[in-house]
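Written below as structure tokens is the structure these notes are about.
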Amino acid sequence: MNYEAVIGLEVHVQIKTHSKVFTRVVAGYGHEPNTLTDPVVLALPGTLPVMNKAALDAIIKAGLLLGCEIAPVCKWDRKQYFYPDSPKNYQISQYDQPICIGGSVEIELPGAARNIMGEHRKIPLTRIHLEEDVGKLNHHVADSLVDYNRAGTPLMEIVSEPAMHTAEEAYAYLTSIRHTMIYGGISDCDMEKGQLRCDANISIRPVGETKLGTKVELKNLNSISYVRDGIAHEIKRQLAVVAAGGKLIQETRDYDGQTGTSQSLRSKEMAHDYRYFPDPDLMPVQVDAAWKEKLRAECPELPFDKQRRFLRDYQVPYTITSVLIPERELSDFFEASAKLAGPGRAQAVGNWIANDLLRELSAAKLPLAAAKITPASLAELVGLIEAGTLLNAAAKEVFAAMFVTGEAPAAVVARLGLAAAPSDAGELEAWCRDSIAANPKALAEFKAGKDSAINAFKGPVMKAGKGKANPKLVDETLRRLLAGA
């Protein structure tokens, strides 16, 4: 019997706010343990939560970006469970009235080759709700210590429909959510800092069956690659159990990305095990049209929408847009430079960014914000090359100097004496005639229809011009002389 996998993801995204979700204490990462706490975070007797509007703004904005319906009224519930990292022994969350309903995440699957765009599809969402994060257990040889710095940080849970069927789809889904949240300024989504976490629900069923199979939840998937690898491992494990005549049980398993193995943690809880009930200390929230429209006006263009626009309006190939689009600042840098460079020069701008700028930033271990090259200076460099003032080989040297000093390209060209020499027309023609006469084999091939044979003449001409002859004029002159040869 053939089986298919059915996958749903629960993605937790820490919202980037100054303070925590129900108190004014600062939210942050990397501080001394238990310094970002107060009586509310520690659940001391007599404390009351107060709603952080910035967290509500962020989740509504996330919902708008993902096409969710924003509920006119949402409420807060207590999710009961005991664990050392939860000071209250319950979590303030949303159960039956989440703030965002439905929506979808657009994904791109791998193409047939790296330079070919893959299939796009939309993965439907069930809901997005807001809750508070818990603390963190740090396990040592002799003890386990609790750090409550993370407790109370605003946390979104993005719940997909069970609509994915492969590990690659799940990888693309998580990558797309990360890009969208960063574009929207909602979260930095740094998995090493716990700002993006994912639990995967996986089951298998006979192909053609509509009823879901026995669900297994994978926990502790702390990188996007581990999500993909863990899901692939779990699908194989379930298929092996069924093939051996065994029975799958609903459980939660821990996946170890280092060893590529998993182990059972516990039987899976159901919703009634958490004994949800409305939080008596927090009022329901009404979201009116004016609130939604204000936040809608702040929503950026989505990554895939921007990619389609770049392909259409700037005629930049997919190989370039696929590099530019994941980082909003990088795509903005490209667009600003392409507009300044002028029509027909966007691809050249994109090549310099994707190949040279990113290489230099990586080597220097610098973010784009620290780059001394600006969109205007890059546009000027492309203009000098297009005008024939600067040859490609010299342009590389100019770019390297610009990256270090921040000088304008024209200033670097003048300082280093790298401008292409204006060729005397008669002198250039003489060099071209000499090159043609010295290469009868290439001449015969060109006359026989092999256009690339013209390159055999260019090297001697550039050598005669000491590397500073204008390549465009060289090509034009050679073609004119070869046409009459």
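The values are calculated or read from the model by the stated rules, or taken from the named source; none is laboratory data. Keep in mind that this is a model prediction, so the values were computed, not measured. Here the Cβ positions follow ideal geometry from the backbone for every residue, glycine too, while neighbour counts run over all protein chains shown.
Annotation: residue 309 fulfils all but one of (1) assigned by TED's automatic domain parsing to the domain that holds residue 237; (2) without any contact (Cβ under 8 Å) to a residue 12 or more places away in the chain; the unmet one is (1). Only one entry in 423, 452 is within 49 Å of the chain's Cα centre (by Cα), of a type in the set (Ser, Thr, Tyr) and modelled with pLDDT under 85, namely 423.
More than 26 Å from residue 52 (Cβ to Cβ), surrounded by fewer than 23 Cβ atoms within 10 Å (Cβ to Cβ), acidic (Asp, Glu) and out of contact with any helix residue (DSSP H, G or I) (no Cβ under 9 Å at 6 or more places or on another chain): which single residue out of 157, 168, 161 fits that description?
Among 157, 168, 161, only 161 is more than 26 Å from residue 52 (Cβ to Cβ), surrounded by fewer than 23 Cβ atoms within 10 Å (Cβ to Cβ), acidic (Asp, Glu) and out of contact with any helix residue (DSSP H, G or I) (no Cβ under 9 Å at 6 or more places or on another chain).
Listed by first and then second residue, the pairs with beta-carbon distance under 9 Å, at least 6 apart or on different chains, first residue in the stretch 360-373 and in the same structural domain as residue 409 (by TED's automatic domain parsing), second of a type outside the set (A, V, I, L, M, F, W, C) and outside any loop (DSSP other than H, G, I, E, B), are 366/360; 367/329; 368/329; 369/329; 371/360; 372/405; 373/360. I'd like to know if the stretch 281-304 contains one or more residues that are farther than 30 Å from residue 359 by Cβ, touching a Phe, Trp or Tyr at 6+ places or on another chain (Cβ under 7 Å) and either without any contact (Cβ under 8 Å) to a residue 12 or more places away in the chain or buried (at least 16 other Cβ atoms within 10 Å of the Cβ) (or both). Yes, that holds for at least one residue. Among the candidates 338, 354, single out the residue that is buried (at least 22 other Cβ atoms within 10 Å of the Cβ) and either at pLDDT 95 or above or of a type in the set (Gly, Ala, Ser) (or both). When all the criteria are applied, what remains is 338.
Of the residues that make up the stretch 66-74, is at least one surrounded by fewer than 16 Cβ atoms within 10 Å (Cβ to Cβ), under 30 Å from residue 123 (Cβ atoms) and of a type in the set (Val, Ile, Thr)? Break it down stepwise before answering.
Kept after step one, since they are surrounded by fewer than 16 Cβ atoms within 10 Å (Cβ to Cβ), are these residues of the stretch 66-74: 69, 72-73.
From the residues that got through so far, the ones that are under 30 Å from residue 123 (Cβ atoms) too are 69, 72-73.
Next cut, of a type in the set (Val, Ile, Thr) only: 73.
Within the stretch 66-74, one or more residues are surrounded by fewer than 16 Cβ atoms within 10 Å (Cβ to Cβ), under 30 Å from residue 123 (Cβ atoms) and of a type in the set (Val, Ile, Thr).
Starting from residues that are more than 12 Å from residue 216 (Cα to Cα) and without any contact (Cβ under 8 Å) to a residue 60 or more places away in the chain, keep the ones in the stretch 237-252 and report whichever is surrounded by the most Cβ atoms within 10 Å (Cβ to Cβ).
Quick first cut of the stretch 237-252, residues more than 12 Å from residue 216 (Cα to Cα) only: 239-247.
Cutting the leftovers down to without any contact (Cβ under 8 Å) to a residue 60 or more places away in the chain gives us 240-241, 243-247.
On the way: 240: 10, 241: 15, 243: 10, 244: 7, 245: 6, 246: 10, 247: 7.
So the residue we want is 241.
Conditions tested, residue by residue: (1) outside any loop (DSSP other than H, G, I, E, B); (2) assigned by TED's automatic domain parsing to the domain that holds residue 65; (3) not charged (D, E, K, R).
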{"residue": "188", "(1), (2), (3)": "no, yes, no"}
{"residue": "192", "(1), (2), (3)": "yes, yes, no"}
{"residue": "202", "(1), (2), (3)": "yes, yes, yes"}
{"residue": "228", "(1), (2), (3)": "yes, yes, no"}
{"residue": "232", "(1), (2), (3)": "yes, yes, yes"}
{"residue": "239", "(1), (2), (3)": "yes, yes, yes"}
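Of the helices (runs of 4 or more DSSP H) lying entirely inside the stretch 388-485, the ones with 2 or more residues being farther than 30 Å from residue 374 by Cα are found at 425-437, 440-447, 455-464, 471-483. Of all the residues in the stretch 299-341, those that are within 18 Å of residue 172 (Cα to Cα) and among the β-branched types (Val, Ile, Thr) number 4.
Within the stretch 312-335, work out how many residues are among the basic types (Lys, Arg) and either surrounded by fewer than 15 Cβ atoms within 10 Å (Cβ to Cβ) or free of Cβ contacts under 8 Å to residues at least 12 places away in the same chain (or both). Walk me through it before giving the result.
From the stretch 312-335, those among the basic types (Lys, Arg) are 312, 328; that's our starting set.
Filter once more, keeping what is either surrounded by fewer than 15 Cβ atoms within 10 Å (Cβ to Cβ) or free of Cβ contacts under 8 Å to residues at least 12 places away in the same chain (or both): 312.
So the count comes out to 1.
Conditions (1) in the same structural domain as residue 321 (by TED's automatic domain parsing); (2) more than 30 Å from residue 210 (Cβ to Cβ); (3) out of contact with any Ser or Thr (no Cβ under 8 Å at 6 or more places or on another chain); (4) polar (S, T, N, Q), marked per residue:
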| residue | (1), (2), (3), (4) |
| --- | --- |
| 65 | no, yes, no, no |
| 80 | no, yes, yes, yes |
| 85 | no, yes, yes, no |
| 112 | no, yes, yes, no |
| 115 | no, yes, no, yes |
| 124 | no, no, no, no |
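Yes or no, residue by residue, for (1) among the aliphatic types (A, V, I, L, M); (2) modelled with pLDDT of 95 or more; (3) assigned by TED's automatic domain parsing to the domain that holds residue 136; (4) over 30 Å from residue 298 (Cα atoms):
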{"site": "172", "(1), (2), (3), (4)": "yes, yes, yes, no"}
{"site": "205", "(1), (2), (3), (4)": "no, yes, yes, yes"}
{"site": "210", "(1), (2), (3), (4)": "no, no, yes, yes"}
{"site": "251", "(1), (2), (3), (4)": "no, no, yes, yes"}
{"site": "257", "(1), (2), (3), (4)": "no, no, yes, yes"}
{"site": "261", "(1), (2), (3), (4)": "no, no, yes, yes"}
